[in-house]
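Colleague: Below you'll find the structure I mean.
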Amino acid sequence: MIEVNSITKTYGARGNENCVLKGISMKISDGDFVVITGASGSGKSTLLNCLSGLEGVDGGTINYDGLNITALSDKELTKFRKENIGFIFQRYYLLPNMTVEKNVRMGADIVGNKDYKEIIKAVGLADKMKKYPSELSGGEQQRVAIARALATHPKILLCDEA
(Lines give C-alpha, C1' and ligand atoms only; values in the text may rest on other atoms or scores of the structure.)
Protein backbone atom coordinates (compact mmCIF):
# COMPACT_ATOMS: atom_id res chain seq x y z
CA MET A 1 0.00 0.00 0.00
CA ILE A 2 1.12 3.53 -0.80
CA GLU A 3 0.00 6.24 1.60
CA VAL A 4 0.62 9.85 0.67
CA ASN A 5 -0.02 12.28 3.52
CA SER A 6 -0.26 16.03 2.90
CA ILE A 7 2.78 16.31 0.63
CA THR A 8 3.88 19.69 -0.63
CA LYS A 9 6.47 20.62 -3.22
CA THR A 10 7.59 24.11 -4.17
CA TYR A 11 9.99 25.29 -6.85
CA GLY A 12 11.71 28.64 -7.22
CA ALA A 13 13.63 31.12 -5.15
CA ARG A 14 12.24 32.81 -2.06
CA GLY A 15 9.78 35.49 -3.07
CA ASN A 16 9.23 33.81 -6.44
CA GLU A 17 8.02 30.38 -5.31
CA ASN A 18 5.67 28.18 -7.26
CA CYS A 19 3.86 25.70 -5.03
CA VAL A 20 3.16 22.77 -7.34
CA LEU A 21 1.88 20.19 -4.86
CA LYS A 22 -0.35 21.57 -2.14
CA GLY A 23 -1.20 19.05 0.57
CA ILE A 24 -1.75 16.01 -1.66
CA SER A 25 -3.04 12.94 0.20
CA MET A 26 -4.12 9.56 -1.16
CA LYS A 27 -4.03 5.83 -0.52
CA ILE A 28 -3.27 3.29 -3.21
CA SER A 29 -3.83 -0.36 -2.36
CA ASP A 30 -1.76 -3.21 -3.77
CA GLY A 31 -3.03 -4.16 -7.21
CA ASP A 32 -4.69 -0.79 -7.85
CA PHE A 33 -4.36 0.94 -11.20
CA VAL A 34 -4.43 4.70 -10.72
CA VAL A 35 -4.58 7.40 -13.39
CA ILE A 36 -3.70 10.98 -12.53
CA THR A 37 -5.05 13.56 -14.94
CA GLY A 38 -4.70 17.30 -15.14
CA ALA A 39 -3.66 20.20 -17.31
CA SER A 40 -0.10 20.69 -18.47
CA GLY A 41 1.91 22.17 -15.61
CA SER A 42 -0.49 20.99 -12.91
CA GLY A 43 2.12 18.84 -11.12
CA LYS A 44 1.48 15.32 -12.44
CA SER A 45 5.15 14.66 -13.30
CA THR A 46 6.28 16.27 -10.06
CA LEU A 47 3.94 14.01 -8.11
CA LEU A 48 5.31 10.91 -9.85
CA ASN A 49 8.89 12.07 -9.25
CA CYS A 50 8.09 12.49 -5.56
CA LEU A 51 6.30 9.12 -5.37
CA SER A 52 9.37 7.45 -6.86
CA GLY A 53 11.76 9.24 -4.55
CA LEU A 54 13.53 10.94 -7.45
CA GLU A 55 12.54 14.27 -5.93
CA GLY A 56 12.09 15.06 -2.27
CA VAL A 57 9.03 16.73 -0.82
CA ASP A 58 8.97 19.93 1.18
CA GLY A 59 6.36 18.63 3.60
CA GLY A 60 4.29 15.53 4.32
CA THR A 61 5.17 11.86 4.02
CA ILE A 62 5.11 9.06 1.46
CA ASN A 63 4.84 5.56 2.90
CA TYR A 64 5.22 2.24 1.09
CA ASP A 65 3.88 -0.57 3.26
CA GLY A 66 4.69 1.55 6.31
CA LEU A 67 8.17 2.61 5.14
CA ASN A 68 8.43 6.39 5.10
CA ILE A 69 10.58 7.05 2.03
CA THR A 70 10.69 10.78 2.78
CA ALA A 71 12.91 9.96 5.77
CA LEU A 72 15.38 7.73 3.89
CA SER A 73 18.98 8.71 3.16
CA ASP A 74 20.06 8.98 -0.49
CA LYS A 75 21.70 5.55 -0.27
CA GLU A 76 18.60 3.97 1.29
CA LEU A 77 16.36 5.65 -1.26
CA THR A 78 18.48 4.35 -4.14
CA LYS A 79 18.21 0.83 -2.74
CA PHE A 80 14.44 1.23 -2.28
CA ARG A 81 13.98 2.39 -5.89
CA LYS A 82 16.16 -0.43 -7.21
CA GLU A 83 14.10 -3.04 -5.36
CA ASN A 84 10.63 -1.58 -5.87
CA ILE A 85 10.13 1.10 -8.51
CA GLY A 86 9.97 1.02 -12.29
CA PHE A 87 9.62 4.38 -13.99
CA ILE A 88 8.63 5.13 -17.56
CA PHE A 89 9.54 8.75 -18.16
CA GLN A 90 7.84 11.27 -20.43
CA ARG A 91 11.11 11.48 -22.30
CA TYR A 92 12.59 8.13 -23.18
CA TYR A 93 16.11 8.67 -21.79
CA LEU A 94 17.50 5.95 -24.02
CA LEU A 95 21.25 5.84 -24.38
CA PRO A 96 21.86 6.73 -28.04
CA ASN A 97 25.05 4.70 -28.38
CA MET A 98 23.36 1.50 -27.17
CA THR A 99 21.09 -0.84 -29.12
CA VAL A 100 17.56 -1.69 -28.07
CA GLU A 101 18.86 -4.88 -26.47
CA LYS A 102 21.57 -3.07 -24.52
CA ASN A 103 19.22 -0.29 -23.35
CA VAL A 104 16.80 -2.88 -21.97
CA ARG A 105 19.56 -5.10 -20.65
CA MET A 106 20.90 -2.13 -18.68
CA GLY A 107 17.68 -2.15 -16.61
CA ALA A 108 17.66 -5.94 -16.37
CA ASP A 109 21.25 -6.09 -15.17
CA ILE A 110 20.41 -3.87 -12.20
CA VAL A 111 18.31 -6.70 -10.76
CA GLY A 112 20.00 -9.70 -12.36
CA ASN A 113 17.13 -10.40 -14.76
CA LYS A 114 18.14 -12.80 -17.53
CA ASP A 115 14.78 -12.88 -19.38
CA TYR A 116 14.94 -9.33 -20.72
CA LYS A 117 14.78 -10.57 -24.34
CA GLU A 118 11.31 -11.97 -23.66
CA ILE A 119 10.21 -8.53 -22.52
CA ILE A 120 11.60 -6.98 -25.71
CA LYS A 121 9.58 -9.53 -27.68
CA ALA A 122 6.47 -8.82 -25.60
CA VAL A 123 6.56 -5.12 -26.54
CA GLY A 124 6.86 -6.06 -30.21
CA LEU A 125 10.50 -5.18 -30.81
CA ALA A 126 12.08 -8.61 -31.33
CA ASP A 127 13.15 -7.61 -34.83
CA LYS A 128 14.67 -4.32 -33.61
CA MET A 129 17.05 -5.63 -30.90
CA LYS A 130 20.17 -4.54 -32.79
CA LYS A 131 18.80 -1.13 -33.79
CA TYR A 132 19.86 2.14 -32.15
CA PRO A 133 17.34 4.68 -30.81
CA SER A 134 17.96 6.99 -33.78
CA GLU A 135 16.78 4.19 -36.07
CA LEU A 136 13.43 3.84 -34.29
CA SER A 137 10.17 5.76 -34.41
CA GLY A 138 9.05 7.69 -31.34
CA GLY A 139 6.57 4.94 -30.45
CA GLU A 140 9.25 2.28 -30.76
CA GLN A 141 11.58 4.30 -28.55
CA GLN A 142 8.83 4.54 -25.94
CA ARG A 143 8.35 0.76 -26.10
CA VAL A 144 12.09 0.34 -25.43
CA ALA A 145 11.68 2.58 -22.38
CA ILE A 146 8.70 0.49 -21.26
CA ALA A 147 10.65 -2.74 -21.73
CA ARG A 148 13.58 -1.31 -19.76
CA ALA A 149 11.28 -0.43 -16.85
CA LEU A 150 9.56 -3.83 -16.95
CA ALA A 151 12.91 -5.63 -17.10
CA THR A 152 13.58 -4.61 -13.50
CA HIS A 153 10.46 -6.54 -12.38
CA PRO A 154 9.23 -3.60 -10.30
CA LYS A 155 6.61 -3.94 -7.59
CA ILE A 156 5.38 -0.47 -8.56
CA LEU A 157 5.37 0.91 -12.08
CA LEU A 158 5.07 4.68 -12.45
CA CYS A 159 4.32 5.92 -15.96
CA ASP A 160 4.58 9.55 -16.97
CA GLU A 161 2.66 9.85 -20.25
CA ALA A 162 3.77 6.43 -21.38
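Colleague: Considering only region 1-46, state which residues are in contact (Cβ under 8 Å) with a residue 40 or more places away in the chain and either within 20 Å of Ala71 (Cα to Cα) or of a type in the set (Asp, Glu) (or both). It would help to see each step written out before you state the result.
Modeller: First pass over region 1-46, keeping only residues in contact (Cβ under 8 Å) with a residue 40 or more places away in the chain: 1-10, 44-45.
Met1, Ile2, Glu3, Val4, Asn5, Ser6, Ile7, Thr8, Lys9, Thr10 - these are the residues of region 1-46 that are in contact (Cβ under 8 Å) with a residue 40 or more places away in the chain and either within 20 Å of Ala71 (Cα to Cα) or of a type in the set (Asp, Glu) (or both).
Colleague: Looking at Arg91, Arg105 in this structure, which one is open to solvent by 60 Å² or more (accessible area, probe 1.4 Å) and outside any helix (DSSP H, G or I)? Give the steps one after another, and end with the answer.
Modeller: Working: Arg105 fails: outside any helix (DSSP H, G or I).
Criteria check complete, one pass: Arg91.
Colleague: Quick one: what pairs do we get from region 104-126, first residue without any contact (Cβ under 8 Å) to a residue 40 or more places away in the chain and on the phi < 0 side of the Ramachandran plot, second part of a helix (DSSP H, G or I) and of a type in the set (Ser, Thr, Tyr), C-beta under 9 Å, 6+ apart or different chains?
Modeller: Between residues of region 104-126 that are without any contact (Cβ under 8 Å) to a residue 40 or more places away in the chain and on the phi < 0 side of the Ramachandran plot and residues that are part of a helix (DSSP H, G or I) and of a type in the set (Ser, Thr, Tyr), the close pairs are Asp109/Tyr116.
Colleague: Only one of these is of a type in the set (Lys, Arg) and within 25 Å of Val20 (Cβ to Cβ): Arg143, Arg81, Arg105, Arg148. Name it.
Modeller: Numbers: Arg143 fails: within 25 Å of Val20 (Cβ to Cβ); Arg105 fails: within 25 Å of Val20 (Cβ to Cβ); Arg148 fails: within 25 Å of Val20 (Cβ to Cβ).
It is Arg81.
Colleague: Among the candidates Lys79, Lys44, single out the residue that is farther than 21 Å from Ala151 by Cβ and open to solvent by 30 Å² or more (accessible area, probe 1.4 Å). Give the derivation first.
Modeller: Values: Lys79 fails: farther than 21 Å from Ala151 by Cβ.
Answer to the check: Lys44.
Colleague: Hey, another quick one. List the number of the failed condition for Asn113; all other conditions in (1) open to solvent by 50 Å² or more (accessible area, probe 1.4 Å); (2) among the polar types (S, T, N, Q); (3) part of a loop (DSSP other than H, G, I, E, B) hold.
Modeller: (1) is the only condition that Asn113 fails.
Colleague: Hey, another quick one. So Lys130 fits all but one of (1) touching an Asp or Glu at 6+ places or on another chain (Cβ under 9 Å); (2) part of a helix (DSSP H, G or I); what number is the exception?
Modeller: Condition not satisfied by Lys130: (2).
Colleague: Kindly indicate the residue of region 54-88 that is aromatic (Phe, Trp, Tyr) and in a strand (DSSP E or B) and also farthest from Gln141 (Cα to Cα) among those meeting that condition. It would help to see each step written out before you state the result.
Modeller: Here is the first cut: in region 54-88, the ones aromatic (Phe, Trp, Tyr) are 64, 80, 87.
Narrowing further to those that are in a strand (DSSP E or B): 64, 87.
Values: Tyr64: 30, Phe87: 15 Å.
Per the stated criteria, the residue is Tyr64.
The values are calculated or read from the model by the stated rules, or taken from the named source; none is laboratory data. Owing to the predicted nature of the structure, the values given are computational and were not obtained by experimental measurement. Here Cβ is always computed from backbone atoms with ideal geometry, including for glycine, and neighbour counts include all displayed protein chains. All accessible areas refer to the heavy atoms of the entire protein, side chains included, with ligands and DNA or RNA removed. Shrake-Rupley method; radii C 1.70, N 1.55, O 1.52, S 1.80 Å.
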